[in-house]
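What follows is one structure encoded as structure tokens, with my remarks underneath.
The values are calculated or read from the model by the stated rules, or taken from the named source; none is laboratory data. Everything numeric here is computed off the predicted structure, so don't read it as measured data. When we count neighbours, we look across all protein chains shown, and the Cβ atoms used for this are built from the backbone with ideal geometry, even at glycine.
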There are 2 protein chains.
Amino acid sequence: MTSEKLDRRKRYTRMVLKKSFMQLLKEKALSSITVKEICEIADVNRSTFYAHYTDQYALLKQIEDELIEDMKSYLSTANLQKEDEAVHMAQKLLEYFSTKQDECQTLLNETGDSSFERKVMVVAQNIIMKNWMDVYDFDNDISNYLSTFIVSGSVQVIKMWMANGMTQPPKEMAILINDLVNKGLYHVRKG
Amino acid sequence: MTSEKLDRRKRYTRMVLKKSFMQLLKEKALSSITVKEICEIADVNRSTFYAHYTDQYALLKQIEDELIEDMKSYLSTANLQKEDEAVHMAQKLLEYFSTKQDECQTLLNETGDSSFERKVMVVAQNIIMKNWMDVYDFDNDISNYLSTFIVSGSVQVIKMWMANGMTQPPKEMAILINDLVNKGLYHVRKG
DNA sequence: AACACAGTGTTGTTTACTCAACAGTCAGTT
DNA sequence: AACTGACTGTTGAGTAAACAACACTGTGTT
């Protein structure tokens, strides 16, 4: 944890740079975004950008990582108990996406290397592994393929959900996704 | 015209201070607004405030003066021709208020010394004097009282209009105000 | 009257940002 | 192949803002 309390000016500079970058990312492809553009929108001198980040990609990485960290800490507030942990965690995750819809959607739809999507999948995968290991019964070889399959499917459903304006409430979607997963896992269920 | 192009940092600092002050002015009385509060909302060090303004009142004065200047330059774009200059100018003025409703309304409703209202009245009075002098016939003694009467009445109507959400379009209001004025001037009309 | 408390102006030092200038790379002209 | 134009990454000097500390005033409390 690098929790040194930042100077107001640093805080502000980084905030506007992120904001301006996200705005551009909504409008155009990552590869076509220049440092110069970011600085013009942010109204920050270009040399200042380089005092904080090496390039656009480093900035993107930091935005993604911070969002993932924020997501994790949001998820950790869930009190996971007994049964229904699965649905509950899924709901929490969906709730998080709905609170940060704008950012999440932009980053998930980013056409480049899909790094954010992969980061989200890691988080989701860890949740699955932690909470479902004792419910389902399979060896580790299979479990990796299976959880990947489940997570990637779920993430795509979530993307659709956001693209359609998140009509259904998080809870309903959580149940829906859980059902999809359970159907997929029907044959490997324990007991 | 002190049109030195300001350093980005100065521009930003003054912008946020003004913004934060206007926010406070919407919420509470001028006399209860402290420099400390302004700086906290603006996220600016208090010593920085004093590098730009001597106190809250100086800041308010500058906000008002800048808005008045902006208003004047907006009005000067009107091409005042022949007859109907009166209605046309009134319309321009109302258009301006509608574009800056938020600021204008806040400043006009400010319970303190009504300095903004007086500044607006001076502008309006000058317009009247310039454009109506040849239409109406009265000596200067009377004209001062009369134009003051007209302007103050008009400003109050404009305040009502804004308070009621500016339901009528500027043009309609301009005609309405013009009618009110003409009724008041009926007896001193020329020819 | 002594007290705490909150805002005021002001100061000196440190830090972050601006700005202008630079040489460098790369894609598209002509 | 030279030329243009746009973005890059870096530098150094100058300026603005942050921060922490100060003594001061006023206001209310006990």
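Quick notes on this structure:
- First in the stretch B:42-70 and surrounded by 13 or more Cβ atoms within 10 Å (Cβ to Cβ), second anywhere and hydrophobic (A, V, I, L, M, F, W, C) and in a loop (DSSP other than H, G, I, E, B), Cβ under 8 Å, 6 or more apart: B:56/B:33
- Subset of the stretch B:42-52 (residues that are away from chain A (no Cβ under 14 Å) and among the hydroxyl-bearing types (Ser, Thr, Tyr)): B:50
- Within the stretch A:171-188, residues that are assigned by TED's automatic domain parsing to the domain that holds residue A:93 and under 13 Å from residue A:150 (Cβ atoms) have Cβ atoms under 9 Å from residues that are at pLDDT 85 or above and β-branched (Val, Ile, Thr) in these pairs: A:177/A:157; A:177/A:158; A:180/A:157, counting only partners at least 6 apart in sequence or on another chain.
- Of all residues making up the stretch B:1-12, the number that are in a helix (DSSP H, G or I) and either basic (Lys, Arg) or in contact (Cβ under 8 Å) with a residue 60 or more places away in the chain (or both): 4
A quick yes/no check of all residues on (1) surrounded by fewer than 14 Cβ atoms within 10 Å (Cβ to Cβ); (2) modelled with pLDDT of 85 or more; (3) closer than 23 Å to residue B:23 by Cα:
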| position | (1), (2), (3) |
| --- | --- |
| B:83 | yes, no, no |
| B:89 | no, no, no |
| B:102 | yes, yes, yes |
| B:108 | no, yes, yes |
| B:111 | yes, no, yes |
| B:127 | no, no, no |
| B:160 | yes, yes, yes |
| B:167 | yes, yes, no |
| B:173 | no, yes, no |
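- Test for residue A:10: is it near DNA strand C (Cβ under 7 Å from one of its atoms) and more than 11 Å from every other protein chain (Cβ to nearest Cβ): yes
- Looking across the stretch B:1-40, the residues that are more than 11 Å from DNA strand D (Cβ to nearest atom), aliphatic (A, V, I, L, M) and surrounded by 15 or more Cβ atoms within 10 Å (Cβ to Cβ) come down to B:22, B:24, B:25, B:30, B:33, B:35, B:38.
- Count - residues of the stretch A:13-41 that are within 14 Å of chain B (Cβ to nearest Cβ), among the hydrophobic types (A, V, I, L, M, F, W, C) and in contact (Cβ under 8 Å) with a residue 24 or more places away in the chain: 2
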